[in-house]
Amino acid sequence: MWQGDWSDEGIVSASEYSSSGATCMWQRILVAEGAPKTNGILFSNADIDGHFGPNTTHATKWLQWKYGLVDSPSKADGRVGPNTFSKADDKLVKTGGSTTPGSTVTFSFKGWRSSTTMLRDGQGKYLFSAGDSGTKAASYNSNPCD
């Protein structure tokens, strides 16, 4: 496992970077973890739009509970910050590339329901697999999933 790699990430929530590539990446994690939307249906690839709305908030609260960060989903804050990112990066498995500075590393995020591929480029920036669309940047300042 690749622990601690996301411990320095910013906060993503309905009020912070709510429309971003970082939100897209987080939504891919929600799909992989089998997190439910407000209607109880599991998050799916069709729900990945890079907008941190009510379904993403609900699914994040559920995952914070599942990760043991709170006693119940109702006690969760629904914000993806250092604690939530830290629990999620426990599920990163290096599958290729090199950890030499300046090199690209390939990871698989091993969720409860499925896995998803992510890359960390030579500058430490994350990219995520977007299926037939190739890879997209998990940036905070733009939304490649819109």
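The values are calculated or read from the model by the stated rules, or taken from the named source; none is laboratory data. Just so we're clear, the structure is a prediction, and the values are computed from it rather than from any experiment. Ideal geometry is used to build each Cβ from the backbone, glycine not excepted, and the neighbour counts take in all protein chains shown.
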Being touching a residue at least 12 places away in the same chain (Cβ under 8 Å), in contact with a Cys (Cβ under 6 Å, 6 or more places away or on another chain) and surrounded by 16 or more Cβ atoms within 10 Å (Cβ to Cβ) is the requirement here; does D5 meet it? no
Residue check, Y126 against (1) under 18 Å from A22 (Cα atoms); (2) modelled with pLDDT of 95 or more; (3) surrounded by 19 or more Cβ atoms within 10 Å (Cβ to Cβ), all met but one. Which one? (2)
Applying the selection to region 28-47, what residues are assigned to a helix (DSSP H, G or I) and either farther than 13 Å from T117 by Cα or more than 8 Å from the chain's Cα centre (by Cα) (or both)? L30, V31, A32, E33, N45, A46, D47
Consider L63 carefully, then state whether it is closer than 22 Å to S18 by Cβ and in contact (Cβ under 8 Å) with a residue 24 or more places away in the chain. yes
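Where residues in region 53-107 are closer than 21 Å to R120 by Cβ and aromatic (F, W, Y), which of them is surrounded by the fewest Cβ atoms within 10 Å (Cβ to Cβ)?
F85
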Search region 37-51 for residues that are free of Cβ contacts under 8 Å to residues at least 60 places away in the same chain and surrounded by 12 or more Cβ atoms within 10 Å (Cβ to Cβ) and pair each with any residue that is outside any loop (DSSP other than H, G, I, E, B) and β-branched (V, I, T) when their beta-carbon atoms are under 6 Å apart and the residues are at least 6 apart or on different chains. F43/V31
Tally of residues being surrounded by 18 or more Cβ atoms within 10 Å (Cβ to Cβ) and either part of a strand (DSSP E or B) or touching a strand residue (DSSP E or B) at 6+ places or on another chain (Cβ under 8 Å) (or both) across region 108-118: 4
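Only one residue in K87, K110 is basic (K, R) and in contact (Cβ under 8 Å) with a residue 40 or more places away in the chain. Which one?
From the options K87, K110, the qualifying one is K110.
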